[in-house]
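One structure is given below, encoded as structure tokens.
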Amino acid sequence: MDRKTRAMAASSRKSPPLRAHAGAVKALLDVGAKERARNFRATRDARRTEVVEDYVEMIADLIDSEGEARTVDVADRLGVSHATVVKTVARIKTLGLVTSRPYRGIFLTERGRAMANASRSRHEVVLAFLRAIGVCEDTAQRDAEGMEHHCSPETLAAFVRLIRRRA
């Protein structure tokens with residue numbers, strides 16, 4: 001018997017003990033797989049709301065600072081095209097978060113304002129946390145833009161506790 005054949009025979013003799021534990025390993029992996037699937041689902045849900053939250057937050061910022069939110073200003077501040085803003089605002093209108101009229105600005109509904117305020121609050125907490133742990137300002141600003149949409153209330157509460165302890 002050559003060396004390759006002996007190695008294959010030896011590995012096949014070692015297989016039965018592994019197969020005996022395969023059921024336990026599979027059960028363990030299934031639990032992990034279910035947990036991972038739940039985490040991936042939560043992340044996908046956060047991604048779906050991320051654009052909507054960014055838009056309502058930007059619209060609120062423009063209304064608060066300029067007195068109105070025009071499509072061209074939203075496009076400029078978000079770095080997207082006018083057509084993208086028109087399309088996204090139309091989708092956000094169907095969610096009942098904004099209203100708009102031809103040749104007029106974009107207005108937040110009560111629900112839209114509440115979402116913008118919640119998003120802004122999460123952003124401020126994440127930004128303060130990143131600063132508290134020593135992240136430089138530019139990086140903290142950039143990272144907070146994405147992180148704010150993916151932090152659970154539990155995580156945000158932990159950030160607030162840490163910020164308060166450091167103050």
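Please tell me if Arg44 is surrounded by 10 or more Cβ atoms within 10 Å (Cβ to Cβ), modelled with pLDDT under 95 and within 23 Å of Gly146 (Cα to Cα).
Taking the combined requirement at face value, the residue does not satisfy it.
Being of a type outside the set (D, E, K, R) and more than 15 Å from Arg120 (Cβ to Cβ) is the filter here, so list the residues in the range 132-145 that pass it.
Scanning the range 132-145 gives Ala132, Ile133, Gly134, Val135, Cys136, Thr139, Ala140.
Here is a check on your reading of the model: is Ala75 closer than 27 Å to Arg38 by Cβ and modelled with pLDDT of 95 or more?
No: the conditions fail for Ala75.
In the set Ala140, Ala116, which member is surrounded by 13 or more Cβ atoms within 10 Å (Cβ to Cβ) and under 17 Å from Ile59 (Cα atoms)? I'd like the intermediate steps shown before the answer.
Working: Ala140 fails: under 17 Å from Ile59 (Cα atoms).
Among Ala140, Ala116, only Ala116 is surrounded by 13 or more Cβ atoms within 10 Å (Cβ to Cβ) and under 17 Å from Ile59 (Cα atoms).
Does Ser152 satisfy the criteria of being among the polar types (S, T, N, Q) and under 20 Å from Ile59 (Cα atoms)? Lay out the reasoning, then the answer.
Details: among the polar types (S, T, N, Q): yes; under 20 Å from Ile59 (Cα atoms): no.
No; evaluated as a whole, the condition is false for this residue.
Just to be sure I understand, how many residues within the range 146-167 are over 13 Å from Val126 (Cβ atoms) and among the aliphatic types (A, V, I, L, M)?
Residues that pass the stated criteria total 1.
Would you confirm, using the coordinates I've provided, whether Thr49 is modelled with pLDDT under 95 and over 26 Å from Ala144 (Cα atoms)?
Numbers: modelled with pLDDT under 95: yes; over 26 Å from Ala144 (Cα atoms): no.
Criteria not met by Thr49.
Can we say Val135 is crowded, with 16+ Cβ neighbours inside 10 Å and in contact (Cβ under 8 Å) with a residue 24 or more places away in the chain?
On the way: crowded, with 16+ Cβ neighbours inside 10 Å: yes; in contact (Cβ under 8 Å) with a residue 24 or more places away in the chain: no.
Considered against the rule, which asks whether it is crowded, with 16+ Cβ neighbours inside 10 Å and in contact (Cβ under 8 Å) with a residue 24 or more places away in the chain, Val135 comes out as no.
The values are calculated or read from the model by the stated rules, or taken from the named source; none is laboratory data. No experiment lies behind these values; they were computed from the predicted model shown. Here the Cβ is made from the backbone with ideal geometry for all residues, glycine too, and neighbour counts use every protein chain on show.
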